Each structure stands twice: as C-alpha cells, then as structure tokens.
2 protein chains.
Amino acid sequence: MDERPIAPGGDPYGIHRVKEPLGGLPQPAWRVDNGFSRLFEGEVLLGVETLNIDAASFTQMEKEGDPAHIVLRTVADRGKQHNPITGSGGMLLGRVLQIAPGRPAGEGLAVGDRVATLVSLSLTPLRIDRIKAVRPASAQVDVDGEAVLFASGAYARLPKDMPERLALAALDVAGAAPQVARLVKPGAVVVVLGAGGKSGILCIAEARRTGGPGACIVGLEANPRAADDLRGLRLCDAVAAVDARDPVAVRKTVLAATAGREADVVFSCVNVPDAELGAILATRDRGIVYFFAMSTSFTKAALGAEGVGKDVDLFVGNGFAHGHADHTLAMLRDMPAIRALFERRYG
Amino acid sequence: MDERPIAPGGDPYGIHRVKEPLGGLPQPAWRVDNGFSRLFEGEVLLGVETLNIDAASFTQMEKEGDPAHIVLRTVADRGKQHNPITGSGGMLLGRVLQIAPGRPAGEGLAVGDRVATLVSLSLTPLRIDRIKAVRPASAQVDVDGEAVLFASGAYARLPKDMPERLALAALDVAGAAPQVARLVKPGAVVVVLGAGGKSGILCIAEARRTGGPGACIVGLEANPRAADDLRGLRLCDAVAAVDARDPVAVRKTVLAATAGREADVVFSCVNVPDAELGAILATRDRGIVYFFAMSTSFTKAALGAEGVGKDVDLFVGNGFAHGHADHTLAMLRDMPAIRALFERRYG
C-alpha cells in the first residue's frame with residue numbers, strides 16, 4: 001500500500017471534507033469526501049475490517065431489503081454509513097494504515113494498531129471496496145475498505161487481554177460509567193432505570209464503587225431475565241420490576257426500596273419513550289436526573305419537571321468523556337463478575 | 001360564593017383528579033376532573049380571570065378556526081386547557097377563592113390574593129363558564145371560570161408595585177435567571193444564544209450580575225432590532241449577529257468576541273431547531289451548555305457532543321427553580337433599564 005500525500009488545511013472537526021453543504025460539519029452533512037488518494041493534516045487513515053451498525057439502523061435496513069446492498073448505496077451516496085432514515089451510524093473496527101502530521105500531542109498511536117472508532121459512522125468518511133459478510137445477529141458487516149478519523153475523533157486501541165467482541169460491547173457504552181463516577185457521592189441514594197441492560201449494569205457497578213458500601217443502589221428492570229442477571233451481581237440494595245413509563249409506580253417502587261428516601265441521582269438507561277417523568281418523580285429536591293436513553297424527549301423532560309414543581313438538574317447524556325474507553329475497559333478487568341456476564345451475553 | 005366541602009385523599013401532584021388514564025399524572029392525562037363542588041386536601045380554588053395561552057398553541061388554534069370556540073371545546077373534553085395538537089398549555093391569572101387544609105407549611109397565601117400560576121395549564125383542572133374577550137395580540141383569553149392548584153403547583157402572587165402585564169411577561173420565563181445565577185462563576189466567559197429575546201435578556205443580566213465586571217459576556221442575536229435593544233443595555237462585552245443553526249459560524253463569532261477563549265457556560269435561548277451543535281462547539285472542555293430553548297432536540301445534543309468529542313455537561317432547561325418568581329421580579333426592581341425595556345416591549 002502506498003503512502004498518501006498530505007494536503008494542508010485539515011480541520012479538527014472535519015469541515016474540510018464536507019461536500020454538501022460546504023462549510024458545515026460532517027455529522028449533519030448530506031455528503032462527505034471519501035477520496036483517500038491524499039490525506040489532510042490531522043487525519044488518521046484506517047483499513048476497515050468491520051462495521052458495527054447501530055441497532056436501529058440495521059433493523060430499518062433489514063425491513064427495507066438487503067442490508068449489504070443498502071450499506072453500499074448509502075456509502076456511495078453520502079461518503080459515510082449514515083442511514084438517511086434513522087439518522088444513526090455505528091462504529092467501525094480497523095487497523096491504522098497511515099498517520100498524517102498535525103495529530104494531538106502525545107497520543108502514541110502507531111501504524112498497525114487495531115482500533116475501534118468511538119465517534120459515529122454518521123460523520124466518518126468511509127469507502128467500501130467489497131462486502132465480505134453480513135452478520136445480522138450482531139448487526140455487523142465485514143468489509144474491505146478505508147476510513148479517515150479527524151483530529152477530534154475519539155477512538156480506542158483494542159486491548160490484547162480480552163476478546164474483541166467483549167471489548168466492543170463495552171466500548172459501545174463507554175460514556176456511561178465515567179459520568180456516574182463524576183456524579184455519585186459516597187453514601188448516595190442512586191437509582192438506575194433499565195438497570196439490567198448493558199449501560200445500566202455499568203452504571204450500577206460504578207455507582208457501587210463510587211458510592212461505597214454506605215450507598216443505597218436501586219436497580220429497576222422490567223425484563224425478568226435481565227433482572228436476575230443483575231441480582232446475581234450482588235451490587236444492588238434492591239432490584240425491582242416496574243414499568244418505567246408509569247411515573248407513579250416508579251416513584252412508589254423507589255421509595256419502598258429506599259425506606260422512603262428519594263434518589264440523589266437517577267440514571268435513565270431504559271430505551272422506551274415516556275420514561276422521563278418517572279425518573280424525575282423519584283429524585284429528591286436539587287437532585288440529578290441523567291438521561292442516557294436516546295429515547296428521551298427534551299420537551300417531556302423539561303415540561304415534566306416544571307409541571308410537578310421539581311427543582312432538579314436534568315442532564316442530556318453525553319457519550320463522550322475524557323478517558324472513557326480506558327475507564328470502561330479497566331472496569332471489565334477489575335470486576336470479573338461483570339466481565340463474565342458480558343462475555344456470556346455479548347462475547 | 002359558597003365554601004366548598006373538603007374531601008380527603010388529595011395527592012400533591014394531582015393524581016386524585018386524573019380520570020383518563022386513572023392513576024396517572026395530570027399533565028400526560030387525557031382528561032382530568034374539573035368538578036369543583038368539593039375540593040380535595042391540599043388544593044387551592046382560584047377564580048379565573050385570564051388565560052395566558054402558550055404562543056404555539058394560540059397560533060395553532062387561530063389556524064384551525066375560532067380560538068374562543070376551540071378553548072371551550074378543549075376544556076369541555078379534557079377538563080383542562082391542554083391543546084391536543086401542540087401538547088402545550090399556558091398559565092392563568094386569578095384570585096384565591098378558598099384554601100383547603102393540607103397546604104405546604106408557611107406559604108402565607110390568603111383568600112383574595114391575586115396570583116399567576118407557574119405550572120402549565122396542560123395539567124391544571126379548569127372550568128370555563130363564559131368567555132369574555134379574546135386578545136390575539138397577547139394570546140390572552142379573559143374568562144369567568146374556576147381552577148384548582150395542587151399542593152405541588154407553583155404560583156406567584158402578583159406584585160403591587162408593577163403593572164400586571166409586565167409581571168406576567170417576566171414570570172413566563174422566571175426559571176431562566178435563577179439557573180444562570182447557579183452556573184456562572186465570577187470572571188466566567190458566558191455566551192447566550194438568542195440573547196435579545198425575553199429569556200435571553202434575563203440570562204445576560206444575571207450573567208453580568210453574577211459574573212461581575214471581570215466576566216466576558218457575549219450575546220448572539222440574529223434580529224437587528226433585538227440586538228440593538230441588547231446593546232442599549234450595555235451589559236454585554238460583545239453583541240453579534242449570527243445564524244445559530246450554523247455551528248461553525250457560531251464558534252468563529254464567539255472566539256472573535258472573546259479573544260480566542262471558549263465559553264465556560266453557553267445558554268441557548270434561541271427558538272429555532274438545529275442550534276445544538278453551535279452551542280456545543282462554542283463551549284470549552286468540561287464547560288456547560290444549558291438548553292432553555294424548547295426547540296432543542298435531545299438526540300442532536302447528545303450525538304452532537306459525542307460526534308465532535310466535546311466533554312461538556314449538557315443540561316435540559318428546567319423552568320422551575322426554588323424562588324424563581326421572586327428572583328425574577330426582584331430583577332425588574334433592581335434593574336431599571338431591563339424594566340423599561342420590558343415595559344416598552346410587553347407592557
């Protein structure tokens with residue numbers, strides 16, 4: 001493979017590769033430049049092996065027709081795997097082929113490193129030469145192709161001490177635990193909605209570690225099997241089943257589990273609409289509600305808190321936090337029971 | 001008017017008056033009980049004088065037909081002025097007719113007090129006996145009727161030292177300034193998007209007061225007249241016109257106005273969609289973006305921050321904060337230039 005020449009003018013956010021509309025950012029753009037015969041300053045060129053398609057996007061493509069065909073069409077049209085119907089992307093696995101000058105100082109990336117991107121495919125310039133396999137069970141597509149990461153684009157080097165599928169499953173929700181570590185205080189009352197799912201379990205584990213033995217950790221999980229998994233980890237003071245869309249039931253369940261104490265922090269990881277008010281009602285005055293769930297409605301959260309007169313801080317979950325990939329992979333190393341559960345489920 | 005008998009079982013959030021679906025909360029409910037021949041514990045009965053309809057709701061009703069007729073139909077169907085198309089309500093002005101036992105301690109409310117509700121009409125049980133006038137310019141409807149406030153329902157006593165229209169205009173955005181006071185530190189770099197609007201001006205004024213003379217306050221406002229009003233207040237270090245939907249332009253404009261410093265806190269008060277990314281890009285690492293605008297998209301904010309790798313705290317604006325009405329009315333008293341501008345605009 002030939003070394004590509006470097007062009008000046010690379011923007012850390014990738015504005016230089018946006019074709020439609022010119023001058024915009026790559027994520028909202030209709031089309032980006034996926035010509036990699038030259039690179040721009042600050043870029044990393046990746047040889048792409050696998051696309052990890054966003055679950056909602058993959059389901060949509062399966063309904064529409066042949067996902068392999070639709071992926072090829074989307075990338076040809078847009079220069080990126082940005083599903084025009086769901087608006088979502090996914091992440092990719094690949095190997096570093098070339099590193100242009102102008103990268104952030106001290107990152108220590110080397111040609112040949114295996115990496116997973118932590119920014120969405122919806123903003124990542126991508127060229128596909130061939131589709132090798134489609135694996136519907138994991139929404140993965142194996143390809144021959146190339147992609148570019150901008151200077152601002154987060155990625156993780158794949159660790160050598162765990163299976164790649166396990167690492168990928170954890171990296172997919174890498175933002176969860178670091179945000180929990182920031183917001184939970186020792187001895188806090190913490191409630192997690194959707195606590196038996198992937199991000200929910202990481203929230204519970206981090207809340208127990210940060211909150212300590214004096215914390216009261218309550219996991220709400222409607223799926224009986226996921227609730228059993230959660231109980232098996234012995235991290236929660238209580239695990240209860242409740243419909244997250246029923247705010248009155250959520251509040252009652254929480255108060256029953258905490259001997260009447262409202263939550264200092266609630267994390268909502270439940271991927272159903274209409275779970276905003278339950279999270280708000282379970283929270284104490286001046287407490288925090290952190291919405292990780294992408295099904296959250298901005299107006300329902302804002303008007304919900306105002307309507308019940310709750311003076312709480314409402315957060316839009318940010319999937320990016322400094323060091324989030326290392327933080328989350330280290331949890332799998334430090335917590336064998338979580339690792340075993342994730343290997344069983346996602347490995 | 002007769003004293004109404006008091007029934008037990010009043011819930012602070014008003015669950016006891018929800019008819020469809022039973023057991024739910026009044027805001028998401030389709031229909032609430034607006035029979036006021038008896039009151040429940042914790043309720044306040046109000047004689048209603050004016051409905052201040054939410055602007056989006058009033059516009060929708062004007063397009064559909066006669067707002068007076070539609071208001072009567074909605075209240076007959078739902079027991080509350082909860083526009084089924086826009087989902088929004090408004091607030092009301094009235095006088096206290098009766099106070100049931102079981103109210104919060106020490107509130108000092110008295111029969112005869114004139115009050116404005118600070119919770120949405122979309123959750124307030126209301127009966128209309130007669131429509132007296134419709135004032136389209138201010139989206140107000142004068143009525144004879146009655147309403148009930150629950151124990152959790154926020155309200156403000158109307159001050160005697162300023163015109164009611166002025167007080168109402170300020171109370172409508174009472175949540176803004178208190179949140180600014182909590183988040184702005186002395187000497188901070190603060191950016192307000194939509195800074196020339198009603199909530200934007202209150203954010204700017206509070207940011208200057210809390211941030212002090214060493215703070216750098218930047219107001220972005222696309223409307224030339226609103227920008228001139230803002231300049232006239234002499235509270236900003238810079239006032240600039242920019243399209244909030246162009247994230248690259250927003251970032252460039254902010255950096256030009258601050259000599260290259262990113263914002264510690266950005267408040268988004270601009271009521272257009274697609275302003276999320278501009279606010280995020282203008283914010284420093286570990287800074288805060290506070291979204292007051294109801295046009296904010298949860299997913300655009302969450303995916304936007306992740307896509308550009310910005311480790312910032314994203315807040316859903318909460319219109320309720322302790323003491324927010326008193327805080328905001330006091331600003332009008334303490335800041336004669338703001339009061340004069342609001343009287344000219346909304347008085």
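Just name the residue that is surrounded by the most Cβ atoms within 10 Å (Cβ to Cβ) out of those in the stretch A:245-259 that are assigned to a helix (DSSP H, G or I), away from chain B (no Cβ under 14 Å) and among the small types (Gly, Ala, Ser).
Result: A:257.
When the residues of the stretch A:117-140 are filtered to those that are within 14 Å of chain B (Cβ to nearest Cβ) and closer than 21 Å to residue A:35 by Cα, which remaining residue is surrounded by the most Cβ atoms within 10 Å (Cβ to Cβ)?
Checked the stretch A:117-140; the qualifying residue surrounded by the most Cβ atoms within 10 Å (Cβ to Cβ) is A:124.
For the stretch A:319-330, which positions are assigned to a helix (DSSP H, G or I) and either of a type in the set (D, E, K, R) or on the phi > 0 side of the Ramachandran plot (or both)?
Passing the criteria: only A:326.
Go through the stretch A:303-318 residue by residue and tally those that are assigned to a loop (DSSP other than H, G, I, E, B), farther than 23 Å from residue A:175 by Cβ and not charged (D, E, K, R).
2
Restricting attention to the stretch B:260-279, which residues are crowded, with 17+ Cβ neighbours inside 10 Å and of a type in the set (Val, Ile, Thr)?
B:265, B:266, B:270 - these are the residues of the stretch B:260-279 that are crowded, with 17+ Cβ neighbours inside 10 Å and of a type in the set (Val, Ile, Thr).
Quick check on the stretch B:318-333. Is at least one of its residues closer than 22 Å to residue B:228 by Cα, within 20 Å of the chain's Cα centre (by Cα) and at pLDDT 95 or above?
Our first condition is that a residue be closer than 22 Å to residue B:228 by Cα; within the stretch B:318-333, this holds for B:331-332.
So of that shortlist, the ones also within 20 Å of the chain's Cα centre (by Cα) come out as B:331-332.
Add one more test, that the residue is at pLDDT 95 or above, and what stays is B:331-332.
Yes, the stretch B:318-333 contains a residue that is closer than 22 Å to residue B:228 by Cα, within 20 Å of the chain's Cα centre (by Cα) and at pLDDT 95 or above.
Condition first: in a loop (DSSP other than H, G, I, E, B), over 19 Å from residue A:304 (Cβ atoms) and of a type in the set (Asp, Glu). Now tell me which residues in the stretch B:27-65 satisfy that.
B:33, B:41, B:43 - these are the residues of the stretch B:27-65 that are in a loop (DSSP other than H, G, I, E, B), over 19 Å from residue A:304 (Cβ atoms) and of a type in the set (Asp, Glu).
Yes or no: residue B:81 of a type in the set (S, T, N, Q), closer than 21 Å to residue B:117 by Cα and assigned to a strand (DSSP E or B)?
Taking the combined requirement at face value, the residue does not satisfy it.
Quick check on residue A:164: is it surrounded by fewer than 24 Cβ atoms within 10 Å (Cβ to Cβ) and modelled with pLDDT under 95? Talk me through it step by step, then tell me what you get.
Numbers: surrounded by fewer than 24 Cβ atoms within 10 Å (Cβ to Cβ): yes; modelled with pLDDT under 95: yes.
Yes, satisfied.
Can you tell me which residue in the stretch A:294-306 is farthest from the other protein chains (Cβ to nearest Cβ), limited to those that are surrounded by 24 or more Cβ atoms within 10 Å (Cβ to Cβ) and touching a residue at least 24 places away in the same chain (Cβ under 8 Å)?
A:304
Evaluate the following for residue B:24: is it within 14 Å of another protein chain (Cβ to nearest Cβ), in a loop (DSSP other than H, G, I, E, B) and free of Cβ contacts under 8 Å to residues at least 12 places away in the same chain?
Answer is yes for this residue.
For the stretch A:158-186, give me each residue that is without any contact (Cβ under 8 Å) to a residue 24 or more places away in the chain and in contact with a Cys (Cβ under 9 Å, 6 or more places away or on another chain).
none
Got a sec? Which of A:312, A:266, A:242 is within 11 Å of chain B (Cβ to nearest Cβ) and either at pLDDT 95 or above or farther than 30 Å from residue A:116 by Cα (or both)?
A:312
Filter the stretch A:22-47 down to the residues that are of a type in the set (A, V, I, L, M, F, W, C), over 15 Å from residue A:100 (Cα atoms) and modelled with pLDDT of 95 or more, then identify the one that is surrounded by the most Cβ atoms within 10 Å (Cβ to Cβ).
A:32
The conditions are (1) farther than 28 Å from residue B:5 by Cβ; (2) in contact (Cβ under 8 Å) with a residue 12 or more places away in the chain; (3) in contact with a Lys or Arg (Cβ under 9 Å, 6 or more places away or on another chain), and residue B:111 fails exactly one of them. Which is it?
Result: residue B:111 passes all but (1).
What number of residues within the stretch B:1-41 are within 24 Å of the chain's Cα centre (by Cα) and farther than 20 Å from residue B:81 by Cβ?
Residues in the stretch B:1-41 being within 24 Å of the chain's Cα centre (by Cα) and farther than 20 Å from residue B:81 by Cβ: 1 in total.
Just the residues that are at pLDDT 90 or above, closer than 29 Å to residue A:16 by Cα and of a type outside the set (A, V, I, L, M, F, W, C), please, taken from the stretch A:167-191.
Once the filter is applied, which keeps residues that are at pLDDT 90 or above, closer than 29 Å to residue A:16 by Cα and of a type outside the set (A, V, I, L, M, F, W, C), the stretch A:167-191 yields only A:175.
Assess whether residue B:323 counts as being within 14 Å of chain A (Cβ to nearest Cβ), surrounded by fewer than 16 Cβ atoms within 10 Å (Cβ to Cβ) and in contact (Cβ under 8 Å) with a residue 40 or more places away in the chain.
yes
So the check is Cβ under 6 Å with 6+ separation or different chains; which pairs have a first residue in the stretch B:231-258 that's in contact (Cβ under 8 Å) with a residue 24 or more places away in the chain and a second one that's of a type in the set (Asp, Glu)?
Final answer for the pair search is B:245/B:274.
I'm trying to understand the selection: among the residues of the stretch A:27-61, which are acidic (Asp, Glu), closer than 29 Å to residue A:136 by Cβ and more than 14 Å from chain B (Cβ to nearest Cβ)?
Matches in the stretch A:27-61: A:49 only.
Please tell me if residue A:272 is more than 11 Å from chain B (Cβ to nearest Cβ) and part of a strand (DSSP E or B).
Taking the combined requirement at face value, the residue does not satisfy it.
Only one residue in A:103, A:114 is within 14 Å of another protein chain (Cβ to nearest Cβ), out of contact with any Asp or Glu (no Cβ under 7 Å at 6 or more places or on another chain) and surrounded by fewer than 20 Cβ atoms within 10 Å (Cβ to Cβ). Which one?
Criteria check complete, one pass: A:103.
Being part of a helix (DSSP H, G or I) and either under 26 Å from residue A:154 (Cβ atoms) or in contact with an Asp or Glu (Cβ under 9 Å, 6 or more places away or on another chain) (or both) narrows it down to one residue among A:284, A:339; which is it? If you could, list the steps in order and put the result at the bottom.
On the way: A:284 fails: part of a helix (DSSP H, G or I).
Answer to the selection: A:339.
The values are calculated or read from the model by the stated rules, or taken from the named source; none is laboratory data. None of the values given here were measured: they were computed from a predicted structure. In this analysis, Cβ positions are derived from the backbone assuming ideal geometry, glycine residues included, and neighbour counts consider all displayed protein chains.
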